[in-house]
1. For A:THR55, A:THR109, what's the largest-to-smallest order of accessible area, 1.4 Å probe?
2. Can you pull the Rg over Rh of chain B, Cα-only, Kirkwood?
3. Output the relative contact order of chain A, whole-number percent, from Cα pairs under 8 angstrom with separation of 6+ residues.
4. Report the residue, chosen from A:PRO31, A:PRO40, A:PRO79, that carries the largest GNM mean-square fluctuation when chain A is represented by alpha-carbon nodes joined by springs under 10 Å.
5. Note down, for chain A, the three equivalent ellipsoid semi-axes (square root of 5 times each alpha carbon gyration tensor eigenvalue), biggest first, whole angstrom.
6. Cα convex hull of the range B:15-61: how many Å³ per residue?
7. Let me see the pair-distance distribution of the protein assembly as shown: every alpha carbon pair, 5 Å bin width, integer percents in order.
8. Ignoring the sites themselves, what is the longest stretch of chain B with no trypsin sites (Lys or Arg not before Pro) in a DSSP loop and at most 14 other beta-carbon atoms within 10 Å?
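The values are calculated or read from the model by the stated rules, or taken from the named source; none is laboratory data. Worth saying up front: this structure is predicted, and the values here are computed from it rather than measured. All Cβ positions, glycine included, derive from the backbone under ideal geometry; neighbour counts span all protein chains shown. The accessibility values were calculated without ligands, DNA or RNA, using every heavy atom of the protein model including side chains. Shrake-Rupley method; radii C 1.70, N 1.55, O 1.52, S 1.80 Å.
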Amino acid sequence: AQSVTQPDIHITVSEGASLELRCNYSYGATPYLFWYVQSPGQGLQLLLKYFSGDTLVQGIKGFEAEFKRSQSSFNLRKPSVHWSDAAEYFCAVGALNTNAGKSTFGDGTTLTVKP
Amino acid sequence: NAGVTQTPKFQVLKTGQSMTLQCAQDMNHEYMSWYRQDPGMGLRLIHYSVGAGITDQGEVPNGYNVSRSTTEDFPLRLLSAAPSQTSVYFCASSYSSSRQYEQYFGPGTRLTVT
């Protein structure tokens with residue numbers, strides 16, 4: 001069975017500092033990996049995705065993530081955090097074909113940004 | 001393009017009542033899913049569908065029913081509401097193409113069962 005672990009429940013960073021959110025996954029085949037962001041009271045918005053190819057993927061809002069198969073990780077990074085980045089972040093693993101639409105989500109990491 | 005829409009936004013039910021959460025998408029997506037979100041537990045899959053007339057259970061299907069008569073609509077029915085079903089419910093849809101496989105989420109329905 002597929003699973004996702006986000007080890008950090010809550011992270012606080014100062015505005016302008018760099019950010020890394022950790023994600024570890026368990027999946028039997030090549031994973032399809034996603035990072036979503038959720039602002040308070042809102043739905044989820046896709047930040048970036050990895051299917052294959054270049055292991056460093058760029059997303060919206062200046063985020064990037066690196067897929068490391070050997071470590072089963074897909075960590076999200078941003079070089080300089082803005083106050084508007086405060087939100088909850090979810091890592092997810094998905095599949096295709098008959099399993100499409102069955103993404104498994106981590107429990108989320110809440111990001112607080114200090115002025 | 002409205003994307004994924006959900007109604008209602010908020011709902012309060014008494015234990016034992018039934019109701020239907022509506023979900024619609026106008027992107028011609030084949031795949032649709034229902035998730036529930038509880039504090040500290042991420043999103044858990046309730047039911048999903050790979051096309052009209054085809055549905056299957058997810059991780060937490062008990063107490064919920066779905067049907068998919070059209071590509072656009074995927075309603076979620078609570079048969080007899082229980083306080084344990086107090087949650088935020090999200091509907092999502094996606095393409096089947098591997099190149100465009102991310103899920104698009106609705107704004108959610110916040111349900112309270114008293």
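1. A:THR55, A:THR109
2. A ratio of 0.95.
3. Reported as a whole number, the value is 37 percent.
4. Among A:PRO31, A:PRO40, A:PRO79, the largest mean-square fluctuation in the Gaussian network model of chain A belongs to A:PRO40.
5. Square roots of five times the eigenvalues give 24, 15, 12 Å.
6. On the way: hull volume 5.3 nm³, N = 47.
Given the Cα convex hull of the range B:15-61, per-residue volume reads 113 Å³.
7. Answer for the protein assembly as shown: a P(r) of 1, 7, 15, 19, 19, 16, 12, 7, 3, 1, 0 percent.
8. Details: sites that count: B:LYS9, B:LYS14.
The answer is B:15-114.
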